[in-house]
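Undergrad: Structure provided below as structure tokens; questions to follow.
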Amino acid sequence: MAPKYYWKGYLKLSLVTCPVAMTPATSESEKVRFHTLNKETGNRVVSRYIDSVTGKPVKDENEAKGYARGENDYVILTEDDLDAVALDTVKTIDIDKFVPADSIEWIYLEKPHYLMPDDAVGNEAFAVIRDAMKADKVFGVSKLVMGRRERAVVLEPRGEGIVLWTLRFGDEVRPEENYFEEIDEQADPDLIPLVQQLIKKKSARWSPNMVSDPIQESLLKLIAEKKKALKPKKAAKGKAAEVAPKSNVVSIMDALRKSVEADLKGRKSG
């Protein structure tokens with residue numbers, strides 16, 4: 001079964017471009033989720049948008065985004081308005097800068113995504129960008145529109161692919177000094193060896209089992225027991241795999257050569 005991708009577009013470095021696909025590196029789809037039911041009938045409860053003044057349901061075609069400029073006073077934006085301000089970064093990850101791999105503080109890294117070539121023609125361009133970053137021990141810095149917001153992202157070469165991390169904005173990060181400044185700078189040196197002994201006894205190799213969820217496991221066990229009394233339902237047939245869009249990819253050697261030539265001309269004229 002072909003994997004489903006969260007996003008498809010292009011990875012671009014100067015004149016080198018290749019089609020890529022992206023999917024989140026983490027998932028919560030395995031978590032136990034519940035629907036709200038009517039306990040008397042067993043039917044699902046459906047949520048609907050209701051007009052706060054008239055109390056009547058609002059049709060899908062009448063829904064719009066509103067920006068509050070005062071009490072009960074909104075600027076209304078339609079889907080057409082929102083589409084009109086779409087940026088190039090909706091479909092292109094254009095690497096603008098490179099930074100040392102160890103220069104990005106951990107707290108700015110938000111969510112990881114796997115980035116990979118979307119067709120065989122773009123494999124070479126993707127591999128060259130990836131391996132060049134590996135060799136220089138750098139991460140690429142770019143921007144990408146996700147959920148109608150332009151997010152700063154970094155590209156980390158990893159294995160045969162690239163991990164794209166969304167970054168937190170600066171105003172979302174709280175300075176650690178505000179919380180750690182009252183803590184003693186040094187511990188009692190006589191106590192450290194005792195704690196080290198405890199650390200040694202409790203040390204083990206990392207395993208994903210260390211972060212298992214016991215409540216989740218108990219819920220799954222309970223659900224499995226209740227399922228025994230129910231007849232199994234036929235699984236729905238999966239949708240046909242999406243066909244990857246065709247794309248025109250610039251020859252990587254030509255693109256690299258032109259990029260270097262353009263850079264040299266820019267330096268001479270500067």
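Undergrad: List every residue whose amide H lies under 5 Å from the amide H of Lys65, counting only residues 5 or more places away in sequence or on a different chain, with H placed 1.01 Å from N in the peptide plane.
TA: Leu77
Undergrad: At 0.36 nm per residue, and after removing the present C-alpha to C-alpha distance, how many nm does the segment from Asp213 to Ala262 gain when stretched out fully?
TA: Numbers: separation 49, 0.36 × 49 = 17.64 nm, distance 5.47 nm.
Extending this stretch completely gives an extra 12.2 nm.
Undergrad: Over the range 91-154, what is the relative contact order in whole percent, taking alpha-carbon pairs under 8 Å and six or more residues apart? Write down the numbers at each step before the final one.
TA: Numbers: 54 pairs, mean separation 30.0, N = 64.
That works out to 47 percent.
Undergrad: Something else now. Once phi is turned into ³J(HN,Hα) by the Karplus curve 6.51 cos²θ - 1.76 cosθ + 1.60 with θ = phi - 60°, what whole-Hz value does each residue of the range 191-205 show in order, with x for glycine and proline?
TA: 8, 4, x, 5, 5, 4, 5, 5, 4, 4, 5, 9, 6, 7, 6
Undergrad: Please give the solvent-accessible surface of Glu79 in Å², to the nearest 10, using a probe radius of 1.4 Å with every protein chain present.
TA: 100 Å²
Undergrad: Given the -39500 (n - 2.57) contribution per DSSP H run of 4+ residues, what per-residue ellipticity at 222 nm results for the chain, rounded to the nearest 500 deg cm²/dmol?
TA: After summing the helix terms and dividing by residue count, I get -7500 deg cm²/dmol.
Undergrad: While we're looking at this one, here's another question. Over the range 151-232, what percent of the accessible surface lies on carbon and sulfur atoms, probe 1.4 Å? Don't jump to the answer; show the numbers that get you there.
TA: Values: 4150 of 7450 Å².
About 56 percent, which is the carbon plus sulfur part of the accessible surface.
Undergrad: What FRET efficiency do you get for Lys91 and Asp184 if R0 is 51 Å and r is their Cβ-Cβ distance, rounded to the nearest 0.05?
TA: Details: r = 52 Å, r/R0 = 1.02.
It comes to 0.45.
Undergrad: Also: Contour minus end-to-end for Lys59 and Tyr108, with contour as 0.36 nm per residue of separation and end-to-end as the Cα-Cα distance?
TA: 13.6 nm
Undergrad: Can you run phi through the Karplus equation (6.51, -1.76, 1.60; θ = phi - 60°) for the range 160-165 and list ³J(HN,Hα) in whole Hz, with x for Gly and Pro?
TA: 8, x, 9, 9, 9, 9
Undergrad: Let me ask something else. Cross-link list Lys97/Lys143; Lys8/Lys65; Lys97/Lys134; Lys4/Lys143; Lys97/Lys265: which exceed 18 angstrom alpha carbon to alpha carbon?
TA: Exceeds cut-off: Lys8/Lys65; Lys4/Lys143; Lys97/Lys265.
Undergrad: A further question on this structure: Rg/Rh for the chain: what does it come to with C-alpha atoms and Rh from Kirkwood?
TA: 1.05
Undergrad: Under the rule of at least 5 residues apart or a separate chain, name every residue whose amide H is placed under 5 Å from the amide H of Trp7.
TA: Met22
Undergrad: Also, I was wondering about something else. Positive end of the dipole of the chain, charges at C-beta (+1 Lys, Arg; -1 Asp, Glu), about the Cα centre: which of Thr26, Phe180, Ala229 has its Cα farthest in that direction?
TA: Ala229
Undergrad: Same structure again: Please find, in a Gaussian network model of the chain (springs between Cα atoms separated by less than 10 Å), the residue of Asp118, Asp94, Asp188 whose mean-square fluctuation is greatest.
TA: Maximum among the listed residues: Asp188.
Undergrad: Excluding ligands and nucleic acids, what accessible area in Å² is computed for Val75 using a 1.4 Å probe, to the nearest 10?
TA: 60 Å²
Undergrad: With +1 on each Lys and Arg Cβ and -1 on each Asp and Glu Cβ, how big is the dipole of the chain about its Cα centre, in debye rounded to the nearest 20?
TA: With Lys and Arg at +1 and Asp and Glu at -1, about 1860 debye.
Undergrad: Lys and Arg at +1, Asp and Glu at -1: add these up for the other residues within a Cβ distance under 11 Å of Asn123 and post the number.
TA: -3
Undergrad: Kindly report the accessible area of the chain per residue (heavy atoms of protein chains, probe 1.4 Å, no ligands, DNA or RNA), in Å².
TA: I get 83 Å² per residue for this part.
Undergrad: In whole percent, how big is the carbon plus sulfur part of the accessible area of the range 1-58, probe 1.4 Å, protein atoms only?
TA: Reported share for carbon and sulfur atoms: 53 percent.
The values are calculated or read from the model by the stated rules, or taken from the named source; none is laboratory data. Given the structure is predicted, the values throughout are model-derived calculations rather than measurements. Neighbour counts are summed over all protein chains in view; Cβ atoms, including those assigned to glycine, are modelled from backbone coordinates with ideal geometry. Heads up: the accessible areas ignore ligands, DNA and RNA and are worked out on the full protein's heavy atoms, side chains in. Shrake-Rupley method; radii C 1.70, N 1.55, O 1.52, S 1.80 Å.
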